[in-house]
Amino acid sequence: MPEGTRAETNAGAAGRKPMTTTKLRSMKAKGDPITVVTAYDYPSAQLAEAAGAEVLLVGDSLGNVVQGRETTLSVTLDHIVYHTEIVSRASKTAFVVADLPFATYHGGVDATLANVARVIREGGAKGVKLEGGREILPAVTAAVSAGVPVMGHLGLTPQSVHAIGGYKVQGKQSAAAAKLLDDALRLEEAGAFALVLELVTDELAAAITERLSIPTIGIGSGPRCDGQVLVFHDILQYGLDPWPKKFVKTYANVGAVVKDAIAAYVRDVKQRSFPEERHTFHMEESELPPVYGGGNGGVRTGGEGEES
């Protein structure tokens, strides 16, 4: 990035005021699309915020893109707290939301609130995201009553991937669509400040967006949601052999650039063309004799077989 462009981007980020749930709701009312990007570490959070993302989501998708696992089910609360603390430390203006991982909000209100408290207190998140509909309403209500903003998540819910039969589009049949719409309305009534719709048909996502007063954030759910979210690594194609997804638009092939750069480094080392003189430090000549066995450095001053 040219220096002038970098300075302008940083200045723009510095000039923004912190995002709030009230502002997000106002953006929906004004028809101003909301941008959400997942972030898992300090540099990704810095870059996403500087680029203009209003919400940073510390998703349990870190199980896939950071830990290399097939599902999100093995992600623990400790993992989420760790990554959220890093992202929160990097963020100055974006609204940081953290996923509550699998089975951390189904064990009763007290257990749920204890887990929410860790993400907020230790992780520094401003809100939490929970997957599911009517079955998680007690957890949503409890968290909201405790003063914690809750983002809902309907459609394809990765934590229930085995129960719903895999990664497939949701809401294709009228009965399933009616249930998702009802769940969305219940989540809003319970106090959710926003709702992620993942892999939901465009028609259903548009209907839910129209019925709700809270923002909808789509991923693979068409253009008529109030905002969109993509995974950091998908936007940048950061990694080898990424799983192709119809709903993802890749904006750069960072993985190829990184691999080529490291390959060039390996080649330079093998050919002894790195480090060069400009990368090297030297001693003063007066300090050299002890290093090479001369002078009074106590290394070796006598003939063969003699020691000083």
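A short reminder: the numbers here are calculations on the coordinates, not readings from a lab. Note that the structure is a prediction, hence the values are computed from the model and not measured. FYI the Cβ positions are ideal-geometry reconstructions off the backbone, even for glycines, and counts take in every protein chain you see.
Over the stretch 107-225, the hull volume per residue, using the convex hull of the C-alpha atoms, is 103 Å³. Shape summary of the stretch 16-58, radius of gyration then Dmax from alpha carbon positions: 10.9, 32 Å. What translational D, rounded to a whole number of µm²/s, comes out for the chain from Stokes-Einstein when the hydrodynamic radius is the Kirkwood one over Cα pairs, at 20 °C and 1.002 mPa s? Rounded, D is 98 µm²/s.
The label-point distance for Phe247 and Glu122, in a model that sets each label 7 Å from Cα toward Cβ, rounds to 3.1 nm. With axes computed from alpha carbons, what is the tilt in degrees of helix 77-90 against the longest principal axis of the chain, rounded to the nearest 10 within 0 to 90? In the chain, helix 77-90 runs at an angle near 70 degrees to the longest axis.
Of Leu197, Leu185, the sequence from fewest to most neighbouring Cβ atoms within 10 angstrom is Leu185, Leu197.
Hydrodynamic radius of the stretch 164-222 by the Kirkwood approach over all distinct alpha-carbon pairs: 11.4 Å. If you run the Gaussian network model on the chain, springs between alpha carbon atoms under 10 Å, then out of Glu188, Glu203, Glu54 the most flexible one is Glu203.
With R₀ set to 25 Å, the beta-carbon distance separating Val161 from Asp260 gives a calculated FRET efficiency near 0.15. For Glu70 and Ala29, the difference between the fully extended length at 0.36 nm per residue and the C-alpha to C-alpha distance is 11.0 nm.
Of Ser160, Ser221, the sequence from fewest to most neighbouring Cβ atoms within 10 angstrom is Ser160, Ser221. Summary value for the chain: 13 percent relative contact order, contacts being C-alpha pairs under 8 angstrom separated by 6+ residues. What is the angle, in °, between the Cα long axis of helix 21-30 and the longest principal axis of the Cα atoms in the chain? Nearest 10 is fine, range 0 to 90. Tilt of helix 21-30: around 60 degrees.
Sort largest first and round to whole Å: the equivalent ellipsoid semi-axes of the stretch 1-150, each the square root of five times a Cα gyration tensor eigenvalue.
On the way: eigenvalues 154, 70, 33 Å².
Ellipsoid semi-axes (Å, largest first): 28, 19, 13.
The angle separating the long axis of helix 109-121 from the principal Cα axis of greatest extent in the chain is about 40 degrees. Over the chain, with a Gaussian network built from C-alpha contacts below 10 Å, which listed residue (Lys270, Lys172, Lys17) shows the highest mean-square fluctuation? Maximum among the listed residues: Lys270.
For a 23 Å ceiling on Cα separation, which of these pairs sit above it: Lys126/Lys249; Lys17/Lys126; Lys129/Lys168; Lys23/Lys92; Lys126/Lys172? Over 23 Å Cα-Cα: Lys126/Lys249; Lys126/Lys172.
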